[in-house]
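Everything below concerns the one structure shown next.
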Amino acid sequence: MANTYHQMYVQAVFAVKYRDAILEKKWREDFFGVMGNLINETGCKNIIVNGVEDHVHCFIGLKPTWSVSDLMKIVKAKSSKWLNGTNYLNRRFEWQTGFGCFTYNQSHIHRVYRYIQNQEEHHRKKQFLKEYTQLLKAFKIDYDPRYIFDELK
């Protein structure tokens, strides 16, 4: 077959190291834009990147030549480097180790997009840890609550 045809939708969710609430609203949109560009530079498709002070959701059209782990390694490393090169923070920025990854089909795109787009409103009602564990349960992912996030400083 001459071409590879694909359509894989992935949501990756990850937190700031120690879940520190340091992604300030005044520059968060710029930062998430950088992350979206990093996704696009790989040939994958950034659908939306959004989040709140302590975590981010990336909704991606994944190319089959990329593993989610390799893509997240690049996005997290390069976005950290970008943020550390700005004057936005007065300390070194790091993401938590690991991420959550959830797949969707074509019929879910609009719903997932709206969910990610409305993160600020969503998190006025629900804490991130509860949201994240509900996603893990909904996708029937076994997890050990002791190791969901980097808890200790």
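The values are calculated or read from the model by the stated rules, or taken from the named source; none is laboratory data. Keep in mind that this is a model prediction, so the values were computed, not measured. Don't worry about glycine lacking a Cβ; one is built from the backbone with ideal geometry, like all the others, and counts go over all protein chains shown.
Details
- Helices (runs of 4 or more DSSP H) within the range 36-125 that include 1 or more residues over 26 Å from Y147 (Cβ atoms) and under 13 Å from the mean Cα position of the chain (by Cα): 109-117
- Residue match in the range 44-54 (condition: more than 18 Å from E121 (Cβ to Cβ), surrounded by fewer than 15 Cβ atoms within 10 Å (Cβ to Cβ) and of a type outside the set (V, I, T)): no
- If the condition is being in contact with a Phe, Trp or Tyr (Cβ under 7 Å, 6 or more places away or on another chain) and within 23 Å of D70 (Cβ to Cβ), then the range 110-145 contributes V112, I116, L135, L136, F139.
- Tally of residues being farther than 10 Å from I48 by Cβ, of a type in the set (S, T, Y) and modelled with pLDDT of 95 or more across the range 111-133: 0
- Residue pairs whose Cβ atoms lie under 8 Å apart, separated by 6 or more positions or on different chains, with the first residue in the range 135-153 and within 20 Å of A21 (Cα to Cα) and the second of a type in the set (S, T, N, Q) and at pLDDT 85 or above, are I148/T133; F149/Q96; D150/Q96; D150/T97.
- Residue within the range 20-39 that is more than 22 Å from E121 (Cα to Cα), surrounded by 17 or more Cβ atoms within 10 Å (Cβ to Cβ) and either aromatic (F, W, Y) or in contact (Cβ under 8 Å) with a residue 60 or more places away in the chain (or both) present: no
- Yes/no for F32 being touching a Lys or Arg at 6+ places or on another chain (Cβ under 8 Å) and either of a type in the set (A, V, I, L, M, F, W, C) or under 17 Å from E131 (Cα atoms) (or both): no
- The test for being in a strand (DSSP E or B) and modelled with pLDDT of 95 or more holds for F14.
- Some residue of the range 70-89 being under 19 Å from Q11 (Cα atoms), among the acidic types (D, E) and at pLDDT 95 or above: yes
- Condition broken by I39, with the remaining ones in (1) in contact with a His (Cβ under 9 Å, 6 or more places away or on another chain); (2) of a type in the set (A, V, I, L, M); (3) farther than 25 Å from T133 by Cα satisfied: (1)
- Test: T103 is of a type in the set (S, T, Y) and more than 23 Å from Y143 (Cα to Cα): no
- Residue that is nearest to F139 (Cα to Cα), among those in the range 11-25 that are in contact with a helix residue (DSSP H, G or I) (Cβ under 9 Å, 6 or more places away or on another chain) and among the small types (G, A, S): A12
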